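Undergrad: Pasting in a structure now, in structure tokens, and then I'll have a few things to ask.
The values are calculated or read from the model by the stated rules, or taken from the named source; none is laboratory data. Since the structure is predicted, the reported quantities are computational estimates derived from the model, not experimental observations. Cβ: placed from backbone, ideal geometry, glycine included. Neighbour counts: every protein chain shown.
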């Protein structure tokens, strides 16, 4: 197992501590006059028999100022689905959520991994105005840049599903499914399965798909109506892109980042940097491989210095760390702990940034997905707010920077009654 090269002391054990020589990122502001945005976070725990979940929506500036005091709107997804005119089934395990690419976004797209469907939530009304079911274990649903389609990763069915999207008229329809587990693909991967985990569109429109057994598949998405079908155009072997496939994250310079995690019991973790080609013909060059300290890389965000240098911040869910990687040199330059007295064993999961604020979901005492063996009655389910500094290598984080996500339902761990809340999905939603 890979061990960290170095660990620095926990940063900002109390609110308001700033490292000497560090200043906040320029261009970011908590001024109420700056553009408004919301932070949407999803609690996966059931709120009704057979499903539901909670959606917490905060004003982003309120979270920046004092997360612990910010008052969210809390929506019971079981009640939302029942009140919707979209005839949606009850969601179960709302796992991943992303806004579409309208300016500002008109909808947040929610993948429900246990019920196998995708819900389209109208940002203004906060109601579901469409849904598509029959998607297997819908782990992630990702919109294209033109708002014409959504691709859905069926983590259990070795399949990418395509949904055509008309957000203005609320028309959503499954148009195509691409089975990835063919002999030709599996032979190139060197694995027994090709279950997709997450995916993202490169600038060229090609889709980079991470896989549960390692390796990576590049897909030409075709047309929204399926008349031009999806097609696998390249396969990276699991030996060359090891680890449990996790997220895919495009950079503004056209590169694509993916990560390979070690899972709930730890092991070797990696970050991969790809240079996507301009067309399906390639060439498809091998990625840069960066070994990561700690265990179970998961959420990734990008920090940019005033000079334009890019740093990847990747949260290590099992070891409770954040690794900071210089994307110019491809080196890990800092490793920080997120374990705090006010948030012990936090299990940081997804990470999304707005300005100099990095929002991170912290898992519940009894996780419902992926890290189910890692239970801890002291754990605080929440969204953490880290203030990134302009050098992109340090941050502020104190007790006031935790926005709790309680669930009124409870469960028991070793005789201790705890909330069932288990945050995972996270979205930043600009409102103007």
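Undergrad: Applying the selection to region 293-313, what residues are assigned to a loop (DSSP other than H, G, I, E, B) and at negative phi?
TA: 293, 295, 305, 306, 307, 309
Undergrad: Could you tell me whether any residue of region 321-340 is touching a helix residue (DSSP H, G or I) at 6+ places or on another chain (Cβ under 8 Å) and either assigned to a strand (DSSP E or B) or more than 25 Å from residue 195 (Cα to Cα) (or both)?
TA: Yes: region 321-340 contains one or more residues that are touching a helix residue (DSSP H, G or I) at 6+ places or on another chain (Cβ under 8 Å) and either assigned to a strand (DSSP E or B) or more than 25 Å from residue 195 (Cα to Cα) (or both).
Every residue, every condition in (1) part of a loop (DSSP other than H, G, I, E, B); (2) in contact (Cβ under 8 Å) with a residue 12 or more places away in the chain; (3) under 21 Å from residue 39 (Cβ atoms), yes or no:
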position	(1), (2), (3)
360	no, yes, yes
375	yes, yes, no
378	yes, yes, no
386	no, yes, yes
400	no, yes, yes
412	no, no, no
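Undergrad: Sticking with this one: Go through 382, 353 for me and flag whichever is surrounded by fewer than 22 Cβ atoms within 10 Å (Cβ to Cβ), within 19 Å of residue 299 (Cα to Cα) and in contact with a strand residue (DSSP E or B) (Cβ under 7 Å, 6 or more places away or on another chain).
TA: The match here is 353.
Undergrad: Across region 268-294, which residue is surrounded by the most Cβ atoms within 10 Å (Cβ to Cβ) among those that are under 21 Å from the mean Cα position of the chain (by Cα), over 13 Å from residue 216 (Cα atoms) and in contact (Cβ under 8 Å) with a residue 60 or more places away in the chain?
TA: The extreme case among them is 269.
Undergrad: Among (1) free of Cβ contacts under 8 Å to residues at least 60 places away in the same chain; (2) assigned to a strand (DSSP E or B), there is one condition residue 426 misses while meeting the rest; what is its number?
TA: (1)
Table: residues versus (1) free of Cβ contacts under 8 Å to residues at least 24 places away in the same chain; (2) within 23 Å of residue 405 (Cα to Cα); (3) crowded, with 16+ Cβ neighbours inside 10 Å; (4) within 20 Å of the chain's Cα centre (by Cα).
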| residue | (1), (2), (3), (4) |
| --- | --- |
| 53 | no, yes, yes, yes |
| 58 | no, yes, yes, yes |
| 68 | no, yes, yes, no |
| 74 | yes, yes, no, no |
| 81 | no, yes, yes, no |
| 84 | no, no, yes, no |
| 111 | no, yes, yes, yes |
| 128 | no, yes, yes, no |
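Undergrad: Given 128, 109, which one is touching a strand residue (DSSP E or B) at 6+ places or on another chain (Cβ under 8 Å) and over 16 Å from residue 87 (Cα atoms)?
TA: Sole residue among the options that is touching a strand residue (DSSP E or B) at 6+ places or on another chain (Cβ under 8 Å) and over 16 Å from residue 87 (Cα atoms): 109.
Undergrad: For region 388-395, does any single residue satisfy the condition of being buried (at least 22 other Cβ atoms within 10 Å of the Cβ), at pLDDT 95 or above, in contact with a helix residue (DSSP H, G or I) (Cβ under 8 Å, 6 or more places away or on another chain) and within 30 Å of residue 430 (Cβ to Cβ)?
TA: No, every residue in region 388-395 fails to be buried (at least 22 other Cβ atoms within 10 Å of the Cβ), at pLDDT 95 or above, in contact with a helix residue (DSSP H, G or I) (Cβ under 8 Å, 6 or more places away or on another chain) and within 30 Å of residue 430 (Cβ to Cβ).
Undergrad: Now a separate question. From the list 203, 194, 248, which residue is free of Cβ contacts under 8 Å to residues at least 40 places away in the same chain and either within 28 Å of residue 122 (Cβ to Cβ) or under 23 Å from the mean Cα position of the chain (by Cα) (or both)?
TA: Every option except 194 fails the conditions.
Per-residue answers, yes or no, for (1) out of contact with any helix residue (DSSP H, G or I) (no Cβ under 9 Å at 6 or more places or on another chain); (2) modelled with pLDDT of 95 or more; (3) more than 14 Å from residue 287 (Cβ to Cβ); (4) in a loop (DSSP other than H, G, I, E, B):
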position: 188; (1), (2), (3), (4): yes, yes, yes, no
position: 193; (1), (2), (3), (4): no, yes, yes, yes
position: 197; (1), (2), (3), (4): yes, yes, yes, no
position: 210; (1), (2), (3), (4): yes, yes, no, no
position: 217; (1), (2), (3), (4): no, yes, no, no
position: 225; (1), (2), (3), (4): yes, yes, yes, yes
position: 229; (1), (2), (3), (4): yes, yes, yes, yes
position: 232; (1), (2), (3), (4): no, yes, yes, no
position: 242; (1), (2), (3), (4): yes, yes, no, yes
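Undergrad: What is the number of the single condition among (1) assigned to a strand (DSSP E or B); (2) within 21 Å of the chain's Cα centre (by Cα); (3) surrounded by fewer than 22 Cβ atoms within 10 Å (Cβ to Cβ) that residue 161 does not meet?
TA: (3)
Undergrad: Tell me yes or no: at least one residue of region 328-342 is modelled with pLDDT of 95 or more and under 19 Å from residue 407 (Cα atoms).
TA: Looking for residues that are modelled with pLDDT of 95 or more and under 19 Å from residue 407 (Cα atoms), one finds at least one in region 328-342, hence yes.
Undergrad: Among the residues of region 159-178, is any touching a residue at least 12 places away in the same chain (Cβ under 8 Å) and over 27 Å from residue 92 (Cα atoms)?
TA: Checking region 159-178: not a single residue is touching a residue at least 12 places away in the same chain (Cβ under 8 Å) and over 27 Å from residue 92 (Cα atoms).
Undergrad: Okay, next question. Do we find a residue being in contact with a strand residue (DSSP E or B) (Cβ under 8 Å, 6 or more places away or on another chain), under 20 Å from residue 42 (Cα atoms) and in a strand (DSSP E or B) anywhere in region 276-292?
TA: no
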